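Notes for the one structure printed next.
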Amino acid sequence: MKCAACEKNSCYLEGKDCTGGKFAVDEYYRKPEDDAAHRVSTWLEGSFYMQLTRLEEIIRFAKEMNYKKLGIAFCIGFSHEAKLLNKLLERDFKVSSVCCKVTGHDKETRQLKKIIQERYEAMCNPILQAEILNRDETDLNILLGLCVGHDILFTKYSKAPVTTFAVKDRVLAHNPLGALYSNYYLSKKFKLR
């Protein structure tokens, strides 16, 4: 498949199946939990298109799914944002949160590169973040600023479904799409355009 290079969008505009019927996924949507998530997310899109922020969408989705307990897995660099998010979510849900540096495990014990060599530096622990939220039996886990790779490991080990509230991009003020919107950046960095 090369959907990113398609200029026709016939699947969206005409219902065209470019796979030629090679994939049958209807059975997945018959599973109650997958059907419910798909229906609620499609309802949100249809009912509130361009009206809700990502935060409002997450809250509305969780309410519609009857989730009671939410988890926040956050980067220590997003501690302030995690406190605000936790406070807002606690209005409607029980919330568990876990910081990326949980247990304070030394990077040197695993021979991991430090940012500043002369000081103690705890490693990120995304697998333990997932395990802690698994033990807390969260219904939905929300990622807040985990590093690339750490977010992948967290998602792999989380028993609850995972959504991303915000991603980390220190260079672009946590707006990674800015890299795609800047002609100057694309031409200088990637020789594109």
Fraction of antiparallel bridges per DSSP, the chain only, in percent to nearest 5: 5 percent
Leading residue at positive end of dipole, the range 7-123 (Cβ point charges), from 12, 23, 52: 52
Neighbour-limited loop hits for GluC sites (Glu not before Pro), the range 1-73 (at most 16 other Cβ within 10 Å; DSSP other than H, G, I, E, B): 7
Dimensionless Rg ratio for the chain, taking C-alpha atoms and the 2.2 N^0.38 Å reference: 1.22
Segment residue 94-residue 119, extension gain: residue separation times 0.36 nm, minus the distance between their alpha carbons: 5.3 nm
Check: the chain dipole with +1 on Lys, Arg Cβ and -1 on Asp, Glu Cβ, in debye: 740 debye
Exposed chymotrypsin sites (Phe, Trp or Tyr not before Pro) absent - longest run of the chain, DSSP non-H/G/I/E/B, at most 15 other C-beta within 10 Å: 50-119
Positive-end residue, the chain charge dipole about Cα centroid, Cβ charges, pick of 166, 38, 117: 117
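Bear in mind these aren't lab numbers, they're just calculated from the coordinates by the rules spelled out. If you're wondering where the values come from, they're calculated on a predicted model, not measured in any experiment. Counting neighbours? That spans all protein chains shown, and the Cβs are built from the backbone with ideal geometry, glycine included.
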